[in-house]
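Undergrad: Can you keep this structure in mind? I'll have questions shortly.
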Amino acid sequence: MAMAKYDLTPRIAPNLDRHLVFPLLEFTQERELYPNDQILKAKIELLNNTNMVDYAMDIHKSLYHTEDVPQDMVDRRVEVVARLKSLEEAAAPLVTFLQNPNAVQELRADKQYNLQMLNERYQIGPEQIEALYQYAKFQFECGNYSGAADYLYQYRALCTNAERSLSALWGKLAAEILMQNWDIALEELNRLKEIIDSKNFASSLNQVQSRIWLMHWSLFIFFNHDNGRTQIIDLFNQDKYLNAIQTNAPHLLRYLATAFIVNKKRRPQFKEFIKVIQQEQNSFSDPITEFLACVYVNFDFDGAQKKMKECEDVILNDPFLGKRVEESNYTVVPLKDEFLENARLFIFETYCRIHERIDMGVLAEKLNLNYEDAERWILNLIRTSKLDAKINTQTGTVIMEPNHPNVYEQLIDHTKGLSGRTYKLVNQLLEHAQAQTAR
């Protein structure tokens, strides 16, 4: 229960569709972060506003150790079944059309043509199209995510109302996440981002809120998709999204920090990100962000070594970072091992920049390894050209080779930085000019 202090579920859940909260509750239940009865009550509360009545009944039985369920649940089930049948009948003409491959071939990219063709040839009008949306939404609330995703996709192909189409896209994204279709979910996420970034919102606050929702939903995808850890940096580190994190959701810094640590390619944005960590220490800090502050801000290597152990606990008890994979007869958390390996490298690289000759025993302590493991680890770094150094086994020291900065490389780096800042400035001026024109 002590690890619940690092649990971000209470902060993340308000930014998710209620169906997306269930996987988080399942994880916290499995990790025993909270008393079991407390989690079961939270599940029932979530289910109250969905149509997953059978699931709610099962949880009620587990929570109260009884086979009886309250009468209001029984009545609710009857109501849901009747409503489902009614919506099914209302959407039937359009569903029948969509299930006919020959008929579907008549549809074109032109939505107005499609609406006219459906009305003239099949007597399908706006009422049936609206019925398809309501039917898809109801299917989603019942937990039939596959059916909901199909109908929402087809609805968007016919819908001419931008707001309703956007709502359907959020629903489609949630359904794909819940079915763990990560490639399709990533496509829908990018589609949604494009709309959010280009849409003229009535209020800039609404746009910021949409970006915050998008980032929270994206955590499911980025920590399951093969290329997710690179793409989370691409999204979260964009100025507009990073500003939204800093003002409204600083807890998301945990995930951006983790992505930077486990990413094999060191990025030029990393230095800027350390400044953000430093700025936001008062609004949010946890062992992962504190680890980076220890290494890169305070150069506190003893503190960093202590934080590594806490980071391990945070990862194991985080529903996105602590993903478990079955290998042979045991379970592993791939991100944990990757994180710890890279964290050691961060400590080592920074420590080596400060010292020319390093005692192996001291280094082993800083890396949280025994002497032999530390020696083996450093030899491997030298062998794989990740480290320009040699080991003196007689004195038990690591001797760093002098690293003289290449003037040409420095010039190229400065030029790149100047180019990036110029591009950012031009973008800001263009946005300001467009805003003035819109007024």
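Undergrad: Peptides 299-307, 165-173: what's the order by average Cβ count within 10 Å, highest mean first?
TA: Peptide ranking by packing, descending: 165-173, 299-307.
Undergrad: Rounded to a whole number, what % of the accessible area of the chain do carbon and sulfur atoms account for, probe 1.4 Å?
TA: For the chain, the apolar C and S fraction of the accessible surface comes to 49 percent.
Undergrad: While we're looking at this one, here's another question. Working out 0.36 nm times the residue gap between LYS390 and GLN209, then minus their Cα-Cα distance, what length gain in nm do you get to one decimal?
TA: 59.9 nm
Undergrad: Something else about it: What distance in nm separates the simple spin-label points at ARG324 and GLN238, each placed 7 Å from Cα in the Cβ direction?
TA: 3.6
Undergrad: What GluC sites (Glu not before Pro) does the stretch 39-121 have in DSSP loop regions with at most 16 other beta carbons within 10 Å?
TA: Filter output for the stretch 39-121: GLU67, GLU106.
Undergrad: Follow-up. Please compute the per residue accessible area over the chain with all protein chains in place, 1.4 Å probe, rounded to a whole number of Å².
TA: Normalised by residue count, the accessible surface of the chain is 55 Å².
Undergrad: Among the chymotrypsin sites (Phe, Trp or Tyr not before Pro) in the stretch 46-108, which ones are in a DSSP loop with at most 10 other Cβ atoms within 10 Å of the Cβ? Mind listing them?
TA: Answer in residue order: no site qualifies.
Undergrad: Any chance you could run the full-extension gain for MET179 through GLU127? It's 0.36 nm times the residue separation minus the Cα-Cα distance, nm to one decimal.
TA: My answer for the length gained is 15.8 nm.
Undergrad: What is the sum of charges around ASN317, taking Lys and Arg as +1, Asp and Glu as -1, for the other residues whose C-beta is under 15 Å from the C-beta of ASN317?
TA: Neighbour charge sum, excluding ASN317 itself: -1.
Undergrad: Run down the lysines and flag those whose C-alpha is under 27 Å from the C-alpha of LYS336, throwing out any fewer than 8 positions away in its chain.
TA: Counting by Cα, and skipping residues close in sequence, LYS336 has these lysines nearby: LYS5, LYS264, LYS265, LYS271, LYS275, LYS306, LYS307, LYS309, LYS323, LYS366, LYS386.
Undergrad: Taking the Cα-to-Cβ direction at TYR55 and at ASP37 and moving 7 Å from each Cα, how far apart do the two end points lie in nm?
TA: Output for this residue pair reads 2.4 nm.
Undergrad: Can you compute the helix-only [θ] at 222 nm over the chain? Use -39500 (n - 2.57) per DSSP H run of at least 4 residues, normalise by all residues, nearest 500 deg cm²/dmol.
TA: Estimated from H runs of four or more residues: -22500 deg cm²/dmol.
Undergrad: Counting other C-beta atoms within 10 Å, and keeping those with at most 10, which DSSP coil trypsin sites (Lys or Arg not before Pro) do you find in the stretch 52-124?
TA: ARG108
Undergrad: What are the lysines whose alpha-carbon lies under 18 Å from the alpha-carbon of LYS43, with same-chain residues fewer than 8 places away excluded?
TA: Excluding near neighbours in sequence, the set is LYS61.
The values are calculated or read from the model by the stated rules, or taken from the named source; none is laboratory data. Everything numeric here is computed off the predicted structure, so don't read it as measured data. Because the Cβ atoms are built from the backbone with ideal geometry, glycine has one as well, and the counts that use them run over all protein chains shown. Note: areas computed on protein heavy atoms with side chains; ligands, DNA, RNA excluded. Shrake-Rupley method; radii C 1.70, N 1.55, O 1.52, S 1.80 Å.
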